[in-house]
Amino acid sequence: MGNPDRRLVVVANRLPVQMDEAGQWETSPGGLVSALAPLLKGRGGAWVGWPGSAGFDPGEFQVDGIDQVAVPLSAEDEDGFYHGFSNATLWPLYHDGVRPPEFHRTWWASYVEVNRRFAGKAASIAGRGDLVWVHDYQLQLVPAMLRALRPDVRIGFFLHIPFPPVELFSRLPWRSAITEGLLGADVVAFQTRKDAQNFAASARRFGGATGPDWRRLSHDGRVVRVDRMPIGIDVAGFHALATSDEVRRIAGDLRRHTGNPRKLVLGVDRLDYTKGIDVRLRAFQTVLERESLGPEDVQFLQIAVPSREAVPLYQETREEVERLVGQINGENARAGRPAVHYLYRSVDPEDLVGAYLAADVMMVTPLRDGMNLVAKEYVVSRVDETGVLILSEFAGASEQLGQALLVNPHDVDQMAATLVRALEMDEAEQRRRMRALRRVVTSSDVFDWAEKCLSMLVEE
Ligand code: ADQ
């Protein structure tokens, strides 16, 4: 076992804090931040990340007992490293190429330069033998860069999004540099077994890794452990919300305000082309037409949080979603009773869980997703064990949630037929499936996940 006194340094694209209206720092909401905070406080350590606006450098400061170490980005860095290479090259490529990834050498140069800055900052603040945990696709070069600077620290890496199959990854002009970057870690962890195996295949083909076992690759005279570590949610937090009087009232109000339709179907996502919002709306449209259903029978609530609005593809995705909402309502709404309710905004946790409680059917239909926490949040919120989860087989969560109704989001007819099945499912089957789903999701929460990842890193 390693030394328990080792501090933890988290390295992620964003710092876990934001500035409130009064100009004071506050901790950002979110599962990852709340899972890592107790570990950082317990061991001591720091979080290295971008403060979130170009040209801003607050330096080093403390929020809620956690040391924050800013990595500043210029407007050019934000364009090349963040909007460019991270979100217009890697994001679509790693999500099965559902949109064509763009390859630009200037973006790559910016990615290398910014990764070097993150690695340099982590190297300068880590103590001897500390644990450094690097997160996600924006920082895949950091492990090897950090190892070159600080061979004494233990380095872990977790990828929140999918790792693509080798046939797809091989398109990337910088495939060797990326795999070598990741192989600089002692432990490289993924959401699913398939992602881990995909990485191992690419690491062997392009990164010079060897060894018959994908869980233990040899590279540069070291062993690199590769594993699956599916992320969970704050189970107790969602349970507490779902059983609170306020949230129950919000759920009741939501049903009343929609005129108490027989069934309410829900979608909750960041507005992203990978999430399949448009295909699920088409499936709903098909069901309304085929079954001659009106808004008194079934209504759809889509909550979409704005995301990456500066990127043209995201603007197009938003336009397509809003065009479909308009079309479906034009054809199916009655005065004062829409068929689709559409909110383009972030909602409070109470309203979010209120919507989970109000919804008879939850549609989570990404074309590709690393895990998808919304699916898990719905399941944990359904404390009365009713409700139906329709889940894309291309979400990482489907590896664990086999008792959902699994769908292929490229097949609108199949999704429509599955939605009909969900709308008609009797309560006994709902309960049987939901109980099984709840067993899986509650068996390991995001705190267990963080502990497990860390103990893998501590083991020599
Ligand atoms: P995301 O792509 O952001 O995360 P997801 O896992 O669904 O996707 O998490 C989204 C979070 O935002 C959820 O906690 C959800 O409740 C919240 N959210 C969504 N819409 C909202 C709204 N309108 N208002 C308020 N909150 C909203 C990436 C990967 C995922 C992976 C996670 C964690 O793409 O596959 O599961 O990281 O590893």
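A quick yes/no check of all residues on (1) modelled with pLDDT of 95 or more; (2) outside any helix (DSSP H, G or I); (3) not hydroxyl-bearing (Ser, Thr, Tyr):
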{"residue": "VAL10", "(1), (2), (3)": "yes, yes, yes"}
{"residue": "PRO29", "(1), (2), (3)": "no, yes, yes"}
{"residue": "LEU40", "(1), (2), (3)": "no, no, yes"}
{"residue": "PHE85", "(1), (2), (3)": "yes, no, yes"}
Original post:
Being within 12 Å of the ligand (Cβ to nearest atom), among the aromatic types (Phe, Trp, Tyr) and touching a Ser or Thr at 6+ places or on another chain (Cβ under 9 Å), is that true of even one residue in segment 269-281?
Top reply: yes
Among helices (runs of 4 or more DSSP H) entirely inside segment 134-185, those with 3 or more residues being at pLDDT below 95 are none
In segment 332-343, anything touching a helix residue (DSSP H, G or I) at 6+ places or on another chain (Cβ under 8 Å) and either more than 16 Å from the ligand (Cβ to nearest atom) or open to solvent by less than 50 Å² (accessible area, probe 1.4 Å) (or both) is listed as ASN332, PRO338, ALA339, VAL340
If you go through VAL321, VAL347, VAL325, the only one that is within 12 Å of the ligand (Cβ to nearest atom) and either over 15 Å from ARG282 (Cα atoms) or in a helix (DSSP H, G or I) (or both) is VAL347
Here the residues within segment 392-410 that are assigned to a helix (DSSP H, G or I) and either away from the ligand (no atom under 12 Å from the Cβ) or open to solvent by 50 Å² or more (accessible area, probe 1.4 Å) (or both) are GLU399
**OP:** Tell me, please, whether a residue that is on the phi < 0 side of the Ramachandran plot, touching a residue at least 40 places away in the same chain (Cβ under 8 Å) and of a type outside the set (Ser, Thr, Tyr) can be found in segment 216-226.
**Re:** yes
Checking ALA359, ALA375 in turn, the sole residue that is of a type in the set (A, V, I, L, M, F, W, C) and away from the ligand (no atom under 11 Å from the Cβ) turns out to be ALA359
Checked TYR94, TYR111 against criteria (within 16 Å of the ligand (Cβ to nearest atom), touching a helix residue (DSSP H, G or I) at 6+ places or on another chain (Cβ under 8 Å) and at pLDDT 95 or above); the one match is TYR94
Taking segment 93-107 and keeping only residues that are out of contact with any Gly (no Cβ under 7 Å at 6 or more places or on another chain), buried (at least 20 other Cβ atoms within 10 Å of the Cβ) and part of a helix (DSSP H, G or I), one is left with LEU93, TYR94
Scanning segment 381-391 for residues that are touching a Lys or Arg at 6+ places or on another chain (Cβ under 8 Å) and either within 11 Å of the ligand (Cβ to nearest atom) or more than 20 Å from ALA251 (Cα to Cα) (or both) gives none
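The values are calculated or read from the model by the stated rules, or taken from the named source; none is laboratory data. The structure displayed is predicted, hence computed values, not measured ones. Ideal geometry is used to build each Cβ from the backbone, glycine not excepted, and the neighbour counts take in all protein chains shown. All accessible areas refer to the heavy atoms of the entire protein, side chains included, with ligands and DNA or RNA removed. Shrake-Rupley method; radii C 1.70, N 1.55, O 1.52, S 1.80 Å.
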